[in-house]
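**Student:** Starting off with a structure, shown below.
The values are calculated or read from the model by the stated rules, or taken from the named source; none is laboratory data. Please read all numbers here as calculations on a predicted model, not as lab measurements. Positions of Cβ are generated from backbone atoms using ideal geometry, with glycine treated the same way; all protein chains shown enter the neighbour counts.
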Amino acid sequence: MSSPTSTPGGRKRGRNTNPPTPSSEDPTSPPSQRRRGQDSSTGDLMPMPTSPATDMLSPAAPQDTSLFSSPRPSVQPNEVDMSSPLMYGTPMRGTPARQRPDLGSVRKAPQVDLHSEPPSTDGAVASEPNAGQRLVIWGTDVNVGTCKEKFQRFLQRFTDPNSTEDENAGLDLNEPLYMQKLEEISVVGDPVLNVNCRHVQSFDAELYRQLICYPQEVIPTFDMAVNELFFERFPDSILEYQIQVRPYNALKTRNMRSLNPEDIDQLITISGMVIRTSQLIPEMQEGFFQCQVCAYSTRVEVDRGRIAEPAVCRNCNNTHSLALVHNRSVFSDKQMIKVQESPEDMPAGQTPHTTVVYAHNDLVDKVQPGDRVNITGIYRAVPMRVNPRQNNVKSVYKTHIDAIHFRKTDEKRLHGLDEEAEQKLFTEDRVQTLKELAAKPDVYERLSSALAPSIYEHEDIKKGILLQLFGGTRKDFSQTGRGNFRAEVNILLCGDPGTSKSQLLQYVYNLVPRGQYTSGKGSSAVGLTAYVMKDPETRQLVLQTGALVLSDNGICCIDEFDKMSDNTRSVLHEVMEQQTLSIAKAGIICQLNARTAVLAAANPVESQWNPKKTTIENIQLPHTLLSRFDLIFLMLDPQDEAYDRRLAHHLVSLYYQSEEQMEEEFLDMAVLKDYIAYARTYISPRLSEEASQALIEAYVDMRKIGSGRGMVSAYPRQLESLIRLAEAHAKVRFSEKVESIDVEEAKRLHREALKQSATDPRTGFVDISILTTGMSATARKRKEEVAQALKKLIQAKGKTPAMKYQQLLDDLRGQSETAITKELFDEALRALADEDYLTVTGKTVRLLA
Amino acid sequence: MIHINITDLWLSNYVPILIYSTASQNNSNSGWETKAVEFFQDQLKERDTHTLVPSLNDVPLHYLKPNSLVKFRCLIQDMFDPEFYMGVYETVDPSTKTKMLRCGKYKDVTECGVDFNSRNTVTAERQTFYCVPIPGENPWVKEISSSCLTEARVVPSTSYAPSRQKRSYEEDDDMDTQPQKQREPHAGPHSPSEHHGNGDCKRQETEAPSSQTASASHLDLNFPLPGEKGPSCLVKVYEDWDRFKLNDTLEVYGILSVNLQFILSMETAEEQRVHSPPASLVPRLHMLHAKPLPHNNPLLPSAALEDNSAFLSSTLSEMASVREEILSYFTHVLLGDALAAEYLILHLISNVYSRRDVLPLGKFTLNLSGCPTVASYTERFYQIIQQLVPSSHYLAMSLQNMNQMRLVPKKDYVANRLVSGALQLARNTSLFLDETQLEQGQLDTTGVRNVTALGNLISWQKVDYDFNYHQMEFPCNINVLIASEGRSLLPSDCQIHLQPQVAPSHLEESLSSIHMHPQASSQLNKFRIYLSMARLLDYSISDEVTKSVEDDFVDMRKDDPQSISAEDLHRMLVVARLLSLSLGQTSLSRDSWLRAKHIEMLRRSRMEQHKCVNGNEP
């Protein structure tokens, strides 16, 4: 680190003390830089070749420039030292500045007086009469003084009352935001100020433009400004280093694929996934030389990867007497990070792009492979040499990004704070289209028919899935001790094989951004939840998350639900109601969020649906799990002529209509995707008074239906389902309020699903207890009757302490007028055993008491 | 004769020169360069000029001149990151101080003395694709396409023997001729006057397609299928790279660049090896023009069928008769089972022609059960298919293969490349899965994953490439044929149980006769054209037929709702489509529909029968 003593004293930053800087007409200034000066006068963004214009002024010297980013053309170091306004290495009340290798060799840029040319930035500059204001940094249109002032003003005044960022939690949103952060720095002592570029943009567009175009020059200016301000405010605070400004969220570029030559040397933000990190690379910042003759020592800074070894000792005037002392030289940390495009950003049929990122100093080891990050940094390009001994270069540049700021986007998923990171940016036009669509009265029907158009009919099922895609409103009752309230709608499809259940699942999986698709047969409990793995490279234990965690905030599609082992299925209990996943394994105990909606498909046990049996009997799933599904649909072959005809027509047209024709009829999948994404992020409907009333009535009605026959046909879980469905339906309409039509539709859909799945095949009545207890009320009554009959039979036999099992069954069968199955008989026996009337051991039945 | 020679010369040597010079001299008026490229593209489209361009597939690399025009029939195996290069740069002559603008396009290395501070430097972007020869391309395709090429080139010089004979002679005494030939290509930059017809032709003729890859073995060239040979190539794309997709098959015309030394870069050794392999093994090709290949059958004109109405009408009229021949041939191959032969034809001409959201339409995976396990029947059967389709692959589903093979491509982040797997195949490749090879045993994790991948491929025609942190879905279009004893464990669109008409005692005998049955090459060619043609035809259903199909369906359901489900209708529509196409009819007729219904009925009744015999089918 550059120590205070190494910098010539008495030179304060400030334009007035600067010696006259070379004008842009200066013959020594290299053409590319002159170019920049002129360009800025026309207000254009600078054209491409500036960055790769590395120093070929001394072409004879072989060097590996590839390690160093966009060096400035060489200028005599001492001359620059005198003129540079950016020498912020000056001690600030004893606080040393830290070098910023992420910005490259910035302090070498001198200022240029623009007065010989018509200044373009007149609007900002000319208003202030100070002649010094005309000085700009060489090659840019940045005036240090103005820039600094503007930034200080920004820091002092900027407020963001609508901030939702979690970083700002606990700050008073109506006070200047960044002043509070400075205060925080003075308390915590972490000398880093993260600045949201969007804030800068909304405050001062011109400053923002300069920041984006000339980050290398503007960020040090910001550093200066912030330090001045900080030490003015908190003169007594002690920091390890001076504060560094780290801008983030530059809107220049979002997607790695759209990086192009124009972005070189500009501040960009891209999102991606870290795929590889290198070991730490020590990079020399300052060489320490000691004279072998007189032990005089001197320090030389690294300039574009080279150290100008002093040939003559300044003390004793011996030549070539200085030797480099490694352990007194200053090194900084550097790390190469490979980032890959996130899968969502990629066009179909192409492979993801990767970009090299260099992290410096404390940004080293901030990210791990697998992390999703937003990286803000400066995009660089350097030419590659074919051979260090040769002069001709490969005509290709190597590109990389010098990272200034990392922001992990998946971190929040662990904390579950908000979904800001997933917010997709919608253009105004798009929002407009979506809103127009939402305003249509039949939007619900439209969307549901756009869902999986290749699958015929099953309108209600599609509607159910549509509501699942939108989901309810998330509510937090953790204050009252209940924890989170599930907002996701779970759906189970069961039915005959070959009724395109899998196809529907595949479609949903392809539609939602965070969908997972597993098959019951192929997944284990571990694959669904999480497992601990030893990383082969680092030997660290890593928690690998399974399908359920991966589909947090998405939909987990589980095919062949019935074929899943009981063990595996049991993990679903927690996920489907509490929306969390607890892991206690290999010393790792944790609870992960799994706020996933489950869309499952199950085949009946007997391969064909048996209409004479209940849902439970048909799919043989534990009712505890079944009751966690909001909607259970049967997908059956309807078998009627009109349906067949429509189906045939649909299928045939599938095979001969051209792609375009089909598309006209249905909504584009992309529109549907955006619609859902928009509604999920921006709409969170609340129950209106009348809707609540309607819900209460609906619930009471549902309870009443059953009570007449001594059955219970609704439980609070059903009420919760109704609320969720109503909310989802309101979301479909883009409505912030749940109204009675939403409740109506929720009721209808719920009833439809119930009618299909909870109809007691013996009586034909809807009986919710089939789902909640696994047995219909009639069946329970029947069990009771058989037990009584059996008891009577045994009593009629008189005092026989033990009976043969088979004998008893045959007797009962002979006596009863209805058929008695073995299961029924067993159940009856069990019921009597529960009464302590008898006990069953093997094949004999013994009476007790 | 001489005319051809000149064209030939012009094409392979002059085009690059023309493009380089126009691009650099007229930088200010950059329209020139595009015009030159356009002119050249037009030239390629017209006439048969493209046959005059030497092909990397056939000609060994060391016989090709650097900076000459070559073509390459390939599959995009991987896409590397885009790179920035100096599109236009200025050089300074150290002695005279004169400056000159130069063009960096279509080149890998700049000239000496680049002025990095020139304001005229233009940085441009290009994309690199890693291309391999089409995986599973059958020997006959290679043979025919290379002979097409050499014929054109051999014609001018009568003093040389026809290429085939010459080649076999070559192979015999390789030792003598090789050193003498190798001198030439290394002779440094050529001036146009050096390339006279004879020298060129000689180089052409002395090609030996198989002699080149021995040296490549130590470097993993990342071919999808094991045991593949041929050059792979780094193709630099200058325009519209977005229109290319992974696994596209292309014919690339471009300027060959091999004079590259090693390049310093800061990536790891593995990455270095993959991204800049020695140019002598993996040449660079700077793309001027790329032609997407709808098929790789050299017997068919490569242009779209509509443009070639003469060819279309002549083959269409023959189709029905060829179908008869091929049917009888297949019947013979399938031990006298005509119905299975019928289905085999349908399978071989099937093609995913469209996708409805997730549903691929037109796929027709055939499960041929009841294959005899004696006398390596399945292998012989595959050899016959191999003779008929342009690309195919035989995958023995042995336990060992399933547990060890890499089927799904996987991203290697250390080397930063997509490590290929056997399922990275070009469209319309025939994948022959031999389930008779499967024995009892345990599948391990890889095995289960491989079987799942095969299942996904069959049901959804997609392969989920493994990107370590996530999976990515790539649609594909692969004809899967499963040969098994009982019903296959993999899903299939259609299962047919083979009913040999040969007595078991004669089985051995008749099996061996299949292989002995030599097919005249003209006959074979007819079959090859037929199978490729049928796949490329358009198809439609008239409203009238739609109506009757609907009626039929409703009637069938009325009689017995269990007898036909939506899935069956799906299959019947595909069968009807393929049946019509196999007859050369481009729209569904009532007859074809009835015939489709008929053979479906036969097949189903056979399955019932088989069920009764076996009693263990669900």
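**Student:** I'd like to check something: does the range B:439-454 contain any residue that is within 21 Å of B:E567 (Cβ to Cβ) and touching a Lys or Arg at 6+ places or on another chain (Cβ under 6 Å)?
**Tutor:** no
**Student:** Given (1) within 14 Å of chain A (Cβ to nearest Cβ); (2) in contact with a helix residue (DSSP H, G or I) (Cβ under 8 Å, 6 or more places away or on another chain); (3) assigned to a helix (DSSP H, G or I); (4) modelled with pLDDT under 85, identify the lone condition not met by B:L524.
**Tutor:** Every listed condition holds for B:L524 apart from (1).
**Student:** For the list (1) free of Cβ contacts under 8 Å to residues at least 24 places away in the same chain; (2) in a loop (DSSP other than H, G, I, E, B), I need the number of the one condition that B:M472 fails.
**Tutor:** For B:M472, the failing item is (2).
**Student:** Scanning the range B:563-591 for residues that are over 23 Å from B:N479 (Cα atoms) and of a type in the set (S, T, N, Q), which turns out modelled with the highest pLDDT?
**Tutor:** Step by step, filter the range B:563-591, then rank; the result is B:S589.
**Student:** Still on this structure, I have one more. List pairs: first in the range B:86-108 and farther than 29 Å from B:L288 by Cβ, second in a loop (DSSP other than H, G, I, E, B), Cβ under 7 Å, 6+ apart or cross-chain?
**Tutor:** B:V92/B:G113; B:V92/B:D115; B:D93/B:G113; B:P94/B:G113
**Student:** Any chance you could count how many residues in the range B:362-403 are within 13 Å of chain A (Cβ to nearest Cβ) and without any contact (Cβ under 8 Å) to a residue 24 or more places away in the chain?
**Tutor:** 0
**Student:** Still on this structure, please answer the following. Answer yes or no: is there a residue in the range A:337-360 that is modelled with pLDDT of 80 or more, of a type in the set (D, E, K, R) and under 30 Å from B:L246 (Cβ atoms).
**Tutor:** yes
**Student:** Is there a residue being part of a helix (DSSP H, G or I) and more than 14 Å from chain B (Cβ to nearest Cβ) anywhere in the range A:233-244?
**Tutor:** Yes, there is a match, as at least one residue in the range A:233-244 is part of a helix (DSSP H, G or I) and more than 14 Å from chain B (Cβ to nearest Cβ).
**Student:** If you check B:N138, B:N67, which single one turns out to be more than 14 Å from chain A (Cβ to nearest Cβ), farther than 30 Å from B:L433 by Cα and out of contact with any Asp or Glu (no Cβ under 6 Å at 6 or more places or on another chain)?
**Tutor:** From the options B:N138, B:N67, the qualifying one is B:N67.
**Student:** Further, regarding this structure: Could you please give the count of residues in the range B:548-562 that are more than 9 Å from every other protein chain (Cβ to nearest Cβ) and either modelled with pLDDT of 85 or more or touching a helix residue (DSSP H, G or I) at 6+ places or on another chain (Cβ under 8 Å) (or both)?
**Tutor:** 1
**Student:** Quick check on the range B:343-351. Is at least one of its residues within 14 Å of chain A (Cβ to nearest Cβ), at pLDDT 85 or above and within 17 Å of B:Q495 (Cβ to Cβ)?
**Tutor:** Scanning the range B:343-351, I find at least one residue that is within 14 Å of chain A (Cβ to nearest Cβ), at pLDDT 85 or above and within 17 Å of B:Q495 (Cβ to Cβ), so the answer is yes.
Each row is one residue, and each column tells you yes or no for (1) within 9 Å of chain A (Cβ to nearest Cβ); (2) closer than 17 Å to B:H275 by Cα.
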position: B:P60; (1), (2): no, no
position: B:L75; (1), (2): no, no
position: B:D81; (1), (2): yes, yes
position: B:M86; (1), (2): yes, no
position: B:T98; (1), (2): no, no
position: B:L101; (1), (2): no, no
position: B:T110; (1), (2): yes, no
position: B:Y130; (1), (2): no, yes
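**Student:** Inside the range B:311-340, can you point out the residues that are crowded, with 20+ Cβ neighbours inside 10 Å and of a type in the set (G, A, S)?
**Tutor:** Answer for the range B:311-340, where residues must be crowded, with 20+ Cβ neighbours inside 10 Å and of a type in the set (G, A, S): just B:A340.
**Student:** Would you pick out the residues in the range A:816-849 that are farther than 16 Å from A:A789 by Cβ and out of contact with any strand residue (DSSP E or B) (no Cβ under 8 Å at 6 or more places or on another chain)?
**Tutor:** A:D834, A:D836, A:T841, A:G842, A:A849
**Student:** Now for a separate question. Grab the helices (runs of 4 or more DSSP H) fully contained in the range A:453-537, keeping just those with 3 or more residues being at pLDDT below 70.
**Tutor:** In the range A:453-537, the matching helices (runs of 4 or more DSSP H) lie at A:525-528.
**Student:** Ok, one more. Suppose the filter is away from chain A (no Cβ under 12 Å) and surrounded by fewer than 20 Cβ atoms within 10 Å (Cβ to Cβ); does B:T452 pass it?
**Tutor:** In short, no.
**Student:** Please state which one of A:T355, A:T277, A:T319 is among the polar types (S, T, N, Q) and closer than 29 Å to B:T121 by Cα.
**Tutor:** A:T355
This table checks each residue for (1) under 38 Å from the mean Cα position of the chain (by Cα); (2) within 12 Å of chain B (Cβ to nearest Cβ); (3) modelled with pLDDT of 75 or more.
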position	(1), (2), (3)
A:D637	no, yes, no
A:R646	no, yes, yes
A:H649	no, yes, yes
A:E663	yes, yes, no
A:M669	yes, yes, no
A:L672	yes, yes, yes
A:Y682	yes, no, yes
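**Student:** In the range A:700-734, how many residues are at pLDDT 80 or above and not aliphatic (A, V, I, L, M)?
**Tutor:** Selection size over the range A:700-734: 8.
**Student:** What's the total number of residues in the range A:226-256 that are at pLDDT below 80, basic (K, R) and in contact with a helix residue (DSSP H, G or I) (Cβ under 7 Å, 6 or more places away or on another chain)?
**Tutor:** 1
**Student:** Related question: List the pairs whose first member sits in the range A:267-288 and is of a type in the set (K, R), whose second member is surrounded by fewer than 21 Cβ atoms within 10 Å (Cβ to Cβ), and whose Cβ atoms are under 7 Å apart, counting only residues at least 6 apart or on separate chains?
**Tutor:** Listed pairs, sorted by first residue: A:R276/A:P369; A:R276/B:Y413.
**Student:** Could you count how many residues in the range B:563-588 are more than 20 Å from B:L602 (Cα to Cα) and either facing chain A (nearest Cβ under 9 Å) or among the hydroxyl-bearing types (S, T, Y) (or both)?
**Tutor:** 3
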